[in-house]
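> Next up is a structure, given as structure tokens.
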């Protein structure tokens, strides 16, 4: 996880969990972040398209559903849906690779993955009506990763 050194702490700073606070982890992968949040008292539902990732998160005792996330490529429509799912004053964490375009890529994974790439400016523009950005960070290397924490308006 490119932001393992700061993401969990930033989530706790932005949203002090009470026992049972619900988290929807879209694209949960191995469940590293979900596992941390569960230990801090959050109640989680992990969603991932990969059968292997679902097996890994389930083995950690996390409630996990396998579903195809290609529908999430229609970002504005899906942001409306996410906005409805989040409780008032709730937070939404978005971690992504910065870029332009979309499509299925094999990469270094043996599983094809669907990516939609956006620039920082595009993301902030899409979010501004429904969410307030309370944290952002960028990690540059061979791939540029962006992470945002948004609070529901």
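The values are calculated or read from the model by the stated rules, or taken from the named source; none is laboratory data. Everything numeric in this text was worked out from a predicted model, so none of it was measured. With ideal geometry, Cβ positions are generated from the backbone for all residues, glycine too; neighbour counts draw on all protein chains shown.
> Which members of the range 18-40 meet the condition of being closer than 20 Å to residue 83 by Cβ and either modelled with pLDDT under 75 or surrounded by fewer than 19 Cβ atoms within 10 Å (Cβ to Cβ) (or both)?
Passing the criteria: 21, 22, 24, 26, 27.
> Among the numbered criteria (1) over 21 Å from residue 25 (Cβ atoms); (2) modelled with pLDDT under 80; (3) under 17 Å from the mean Cα position of the chain (by Cα), which single criterion is violated by residue 106?
Against the list (1) over 21 Å from residue 25 (Cβ atoms); (2) modelled with pLDDT under 80; (3) under 17 Å from the mean Cα position of the chain (by Cα), residue 106 comes up short only on (3).
> I would also like to ask the following. Of (1) surrounded by fewer than 16 Cβ atoms within 10 Å (Cβ to Cβ); (2) at pLDDT 80 or above; (3) over 16 Å from the mean Cα position of the chain (by Cα), residue 43 satisfies all except one. Which?
Among (1) surrounded by fewer than 16 Cβ atoms within 10 Å (Cβ to Cβ); (2) at pLDDT 80 or above; (3) over 16 Å from the mean Cα position of the chain (by Cα), the lone unmet condition for residue 43 is (3).
> Here are some conditions: (1) modelled with pLDDT of 85 or more; (2) in contact with a helix residue (DSSP H, G or I) (Cβ under 9 Å, 6 or more places away or on another chain). Residue 144 meets all but one. Which one does it not meet?
(2)
> Would you tally the residues in the range 52-81 being closer than 24 Å to residue 127 by Cβ and at pLDDT 80 or above?
1
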